[in-house]
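Bear in mind these aren't lab numbers, they're just calculated from the coordinates by the rules spelled out. Predicted, not measured: the structure shown is a model, and the values here were computed from it. Because the Cβ atoms are built from the backbone with ideal geometry, glycine has one as well, and the counts that use them run over all protein chains shown.
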Amino acid sequence: KAKELGRNTFQFYTEALTHAAIHRLSLETRLRRAVQNDEFVLHYQPQVRISDGRVVGVEALLRWQDPDIGLVFPDEFIPVAEETGLITRIGEWVLQTACRQMQEWLSNGHGPDTVAVNLSPRQIQLNDTPALVDGILQSTGLAGRHLDLEITETALMEQGPDAARILHDLKALGVRISIDDFGTGYSSLAYLQRFPVDELKIDQSFVQKIPDTSGAAEIAATIIAMGRSLGLTVVAEGVETDAQLEFLRNHNCGVYQGYLASRPVPALVLQQWLTVRTDSAIGDPTG
Ligand code: C2E
Ligand code: MG
Ligand code: MG
Ligand code: MG
């Protein structure tokens, strides 16, 4: 009886493992095909200055348009792209596409001031990332000040001394550096001073609990105050309600991003959204 049970358990685990392995394998195969067949798209989410409602930036967010499955979100494939090294080529495509789009918006005169691109931990380990960014800025003609590079706090903390050098090399290109998901890692003030940082993005887990009694709102308020005292732009992520925006305004947070303003949308939709917003603001001093 015990033997039988043991065999069943064994069988159960093998099957589960096999399913996981098959899933992982097919994801990897499909991801390789996606890179070859150009199955990626960028959606853009506005970043709105709280004081006057101006769209100061947009964040480029990667989606995979799988011909069989439809739209796949980054949390489902970025980890595998990281493990397999495919992230290098995907990351290069993201940078190239976002910079080209930003340059186009600038020449049309109706766009934001900056485009933000997420860099994976792997990309900030690579010594040739600054050269890659430099090459893309050259080929697209985009000035570095229009590009924001987002690096998560956790990724930065795990890199050690190399990250500081790469960030300084990137900074030398005139780009802006943002710390993403801030508040979830364990960085110190000393770290923030050592890195050439321009912007902190408060992690949405804090923002979404506003207003609350659990302390998340206090953490958000503290990050805003700290960022301001260091002269950094502070962006609140994941803002969904008027109450959250009101709290951020009362605490002098600079910029917000979230469904309350807009979900991430294709470039053309964002462009239309910006046009309507600008036109309707004519004659409205607060618009
Ligand atoms: P992130 O950089 O922190 O991006 C913010 C995420 O929050 C996005 O999810 C965005 O769609 C979502 N979001 C924005 N506003 C709201 C809101 O009001 N409510 C809620 N619930 N969510 C909101 P998304 O697009 O699924 O991206 C997830 C993560 O994947 C990103 O987090 C980023 O770490 C990573 N990622 C996205 N694009 C890229 C990329 O091109 N390269 C790399 N390496 N990572 C990327
Ligand atoms: Mg920005
Ligand atoms: Mg981000
Ligand atoms: Mg984030």
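Tabulated values for the structure
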{"item": "Farthest positive-ward along region 59-166 dipole, Cα basis, beta-carbon charges - from Gly70, Cys99, Leu86", "result": "Cys99"}
{"item": "Packing-based ranking, highest mean first, of 67-75, 37-45 given that Cβ atoms within 10 Å are counted", "result": "37-45, 67-75"}
{"item": "Candidates Ser188, Ser139, Ser51: whichever shows maximal mean-square fluctuation once the chain is modelled as a Gaussian network with Cα springs under 10 Å", "result": "Ser188"}
{"item": "Rounded FRET efficiency, nearest 0.05, which uses the C-beta distance separating Ala143 from Asn252 and R0 of 25 Å", "result": "0.30"}
{"item": "Candidates Ser205, Ser187, Ser26: whichever shows maximal mean-square fluctuation once the chain is modelled as a Gaussian network with Cα springs under 10 Å", "result": "Ser26"}
{"item": "Unit charges at the beta carbon, dipole of region 143-287: most positive-side option, Val276, Ile210, Leu192", "result": "Leu192"}
{"item": "Rounded FRET efficiency, nearest 0.05, which uses the C-beta distance separating Ser51 from Val80 and R0 of 45 Å", "result": "0.65"}
{"item": "Helix-only [θ]222 nm of the chain, DSSP H runs n ≥ 4, -39500 (n - 2.57) each, per residue, nearest 500", "result": "-16500 deg cm²/dmol"}
{"item": "Magnitude of the charge dipole, the chain, Cβ model with Lys/Arg +1 and Asp/Glu -1, debye to 20", "result": "300"}
{"item": "Whole-number percent relative contact order across the chain, with pairs defined as alpha carbons under 8 Å at least 6 apart", "result": "17"}
{"item": "Surrounding net charge for Ser205, when Lys and Arg each add one and Asp and Glu each subtract one, Cβ distance under 11 Å", "result": "-2"}
{"item": "Cβ crowding within 10 Å averaged over residues, with 57-64, 212-219, 130-137, 110-117 ranked highest first", "result": "57-64, 110-117, 130-137, 212-219"}
{"item": "Cut-off under 5 Å, modelled amide H: who pairs with Arg176 long-range", "result": "Leu147, Asp148, Leu149"}
{"item": "Efficiency of FRET from Cβ geometry, Thr213 and Met157, R₀ 35 Å, rounded to 0.05", "result": "0.75"}
{"item": "Fully extended contour minus Cα-Cα distance, from Arg194 to Glu240, at 0.36 nm per residue", "result": "13.2 nm"}
{"item": "Approximate spin-label separation Leu260-Val35, in nm, with each point projected 7 Å along Cα-to-Cβ", "result": "4.0"}
{"item": "Relative contact order %, region 60-179, counting alpha carbon pairs below 8 Å whose residues are six or more apart", "result": "24"}
{"item": "Nitroxide proxy distance, nm - points 7 Å out along Cα→Cβ at Thr222 and Glu28", "result": "4.2"}
{"item": "Equivalent ellipsoid, region 94-182 (semi-axes from 5 times Cα gyration tensor eigenvalues, Å)", "result": "23, 14, 10"}
{"item": "Region 167-247 - charge dipole about Cα centre, Lys and Arg +1 at Cβ, Asp and Glu -1, debye rounded to 20", "result": "400"}
{"item": "Most mobile listed residue (Thr140, Thr152, Thr275) in the chain, GNM with C-alpha springs under 10 Å", "result": "Thr275"}
{"item": "Principal axis dimensions, the chain - Cα atoms, whole angstrom, descending", "result": "79, 49, 41"}
